[in-house]
Amino acid sequence: MENRIETRINAEIEEIERRDREINSFIVLDKEGTARKEIKKGKLSDLKIAVKSNICVEGLKATCASQTLDNYIAPYDAGVVKKIKENGGLIVGMTNMDEFACGSSGETSYSGQVHNPAAMGHIPGGSSSGSAAAVAANFVDGALGSDTGGSIRNPASHCGVVGFKPTYGVVSRYGLIDMAMSLEQIGPFARDVPTAALLLEVISGHDLRDATSLNLNRDFYKFSEHLNPDLNGIKIGYALEFDGLILDEGIKRVIHKALDELNSRGAEVMEVNLPNLEIALPTYYLTMYVEFFSATRKYDGRRYGHKIEDVCGEEVLRRILLGSFISQKEYSGKYYKKALMARSLIRKEISDVLSDVDVLVGPTVPKLPHKLGTKITDPMVMYAYDIFTVTANLAGIPAGVVPCGKVNGIPTGLQVVGSALDDQKVLNVMYGFEKRDNL
Ligand code: GLN
């Protein structure tokens, strides 16, 4: 039986390899079956899963798409990977990404640019570029990404798939190669909400090996069982500030159409205010620079691969240098301390708004993915993609993306954001929206 599955998977991996020449979504395809030595039966039986290259799968390379770790073979399974294996998921390989998860486009990878299967010639978004692209190209049923400032939601939006960032602490970060630990969560990608909910159900749960992991009632984690598309009476907030920050008229149109659709399915859409929305971006970047700098100090070339500063790309180096500068200046409390204060303000503002409504909905990205080959020299232009996603990371709250339409043939996703631990509510609204055409 196991042999039969392995023969089939091997044939499918060969097919992925052939088709991926055009997409470049994988860095490693597990042809030897290293991650499938013992195939169990469970909730994920028969489902092919891809894993972002910053999450450890024993025996496979976890390079973070950086030359720094080009020969790093993970010596153990991350908490989430162990659970996927125990539940019968078939891990097929490690996906391409922005180097060390620093980026929003999939262009900073040492393993080459990822292409967008849903909009060829355009970036797929990032940093979990390969995971989103592998799902969009139908190579796998689900994939894992990590989201520090939008890295699951941004590529989900650009590639037309579902992506979900859970409440901080709901999914174990054990075995995740950190980018910025106070902001980052692992989460699922899939082509539909039920599959994303199922994958989340499998990977979530308390893990003693992650000190930030929450220990919640068992019932909390039954996301797939509790999935409910009924939108009747659900209060949905739309922040008035969103419209002024969306840079593309087409995206604005699609998002407003989605609001009408939610309304016609029984939800009550109300206008709310997030006056401090714009300070989320600088707050995120200041916090992330410092934490990223600290996370990269272990890459001094003695224990793992190469010294990071010797081999990394421009964006990673910029973040290391800025993080180092801010950390040195910190005795005067000039930057990081201020960022922490702003973070508290942002957290309070969004949780106050969320106490009046069930969820917020809005755009995921302010603009359409740029064309491959466009030279973006100003980092602020790239950072601008993250304006609508970073708030959920700063506040540690759940946020998911579900495809909501196309602009000039390019997908764009609706973002749904909830209060801390309202992951189920967010998934339910995503599901209700996804089912709008089928009922
Ligand atoms: N685009 C953001 C950044 O470059 C988010 C990255 C992420 O979520 N890993 O920092």
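Bear in mind these aren't lab numbers, they're just calculated from the coordinates by the rules spelled out. What you see is a predicted model; the values in this text were computed from it and never measured. Methodologically, a virtual Cβ is constructed for each residue, glycine included, from the backbone with ideal geometry; neighbour enumeration extends over all protein chains shown.
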Inset, instruction - With r as the distance between the Cβ atoms of K37 and K307 and R0 = 35 Å, compute the FRET efficiency 1/(1 + (r/R0)^6) and round to 0.05. - result: 0.55
Inset, instruction - Of the listed pairs K43/K222; K48/K83; K52/K165; K48/K425; K257/K435, which have alpha-carbon separations greater than 18 Å here? - result: K48/K425
Inset, instruction - Give, to the nearest whole percent, the P(r) tail of region 192-260 beyond 20 angstrom, counting all Cα pairs. - result: 57
Legend entry - Under 25 Å from K329, Cα to Cα: lysines that are on another chain or at least 8 residues apart: K298, K307, K337, K338
Inset, instruction - Could I have the simple spin-label model distance between E22 and M380, label points 7 Å from Cα toward Cβ, reported in nm to one decimal? - result: 3.9
Legend entry - Cα-Cα pairs of the chain separated by more than 29 Å (percent): 40
Inset, instruction - Provide the descending list of Cα extents for region 98-222 along its principal axes, expressed in whole angstroms. - result: 46, 29, 18
Inset, instruction - At q = 0.13 Å⁻¹, work out log10 I(q)/I(0) for region 284-439 with the Debye formula, treating every Cα as an identical point scatterer and leaving solvent out; two decimals please. - result: -0.83
Inset, instruction - With an 8 Å cut-off on Cα pairs and a minimum separation of 6 or more residues, tell me the relative contact order of region 247-372 in percent. - result: 37
Inset, instruction - Per DSSP H run of at least 4 residues, take -39500 (n - 2.57); add these up for the chain, divide by its residues and hand me the 222 nm value, nearest 500 deg cm²/dmol. - result: -11000 deg cm²/dmol
Legend entry - Alpha-carbon centroid distance for the pair region 378-405 / region 306-333, whole angstrom: 23
Legend entry - Value of Rg to Rh for region 15-79 (Rh from inverse mean 1/r over Cα pairs, i.e. Kirkwood): 0.97
Inset, instruction - Using amide H atoms built 1.01 Å from N in the peptide plane, name the residues 5+ places from Y72, or on other chains, whose amide H lies under 5 Å from its own. - result: A62
Inset, instruction - Compute the Rg to Rh ratio over region 239-282 from the alpha carbon atoms, using the Kirkwood formula for Rh, and round to two decimal places. - result: 1.03
Legend entry - Under 10 Å, Cβ to Cβ, from V316 - net charge with Lys/Arg +1 and Asp/Glu -1: -3
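Taking the Cβ-Cβ separation of N408 and E271 as r and a Förster radius of 35 Å, what is the calculated FRET efficiency to the nearest 0.05?
E(calc), rounded to 0.05, equals 0.80.
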Legend entry - 3J(HN,Hα) from dihedral phi, region 180-189, Karplus parametrisation 6.51/-1.76/1.60, rounded to Hz, x for glycine, proline: 9, 5, 7, 10, 9, 9, 7, x, x, 10
Inset, instruction - Rank by packing, highest mean first: peptides 185-197, 418-430, with packing defined as the count of other Cβ atoms within 10 Å averaged across residues. - result: 185-197, 418-430
Legend entry - Alpha-carbon centroids, region 235-272 and region 132-192: separation in whole Å: 24
Legend entry - Hydrodynamic radius (Kirkwood) for region 225-323, which is based on Cα pairs only, to one decimal in Å: 17.6
Inset, instruction - Can you tell me which of 267-274, 28-35, 149-156 comes out highest on packing, and rank the rest after it, using the mean Cβ neighbours within 10 Å? - result: 149-156, 28-35, 267-274
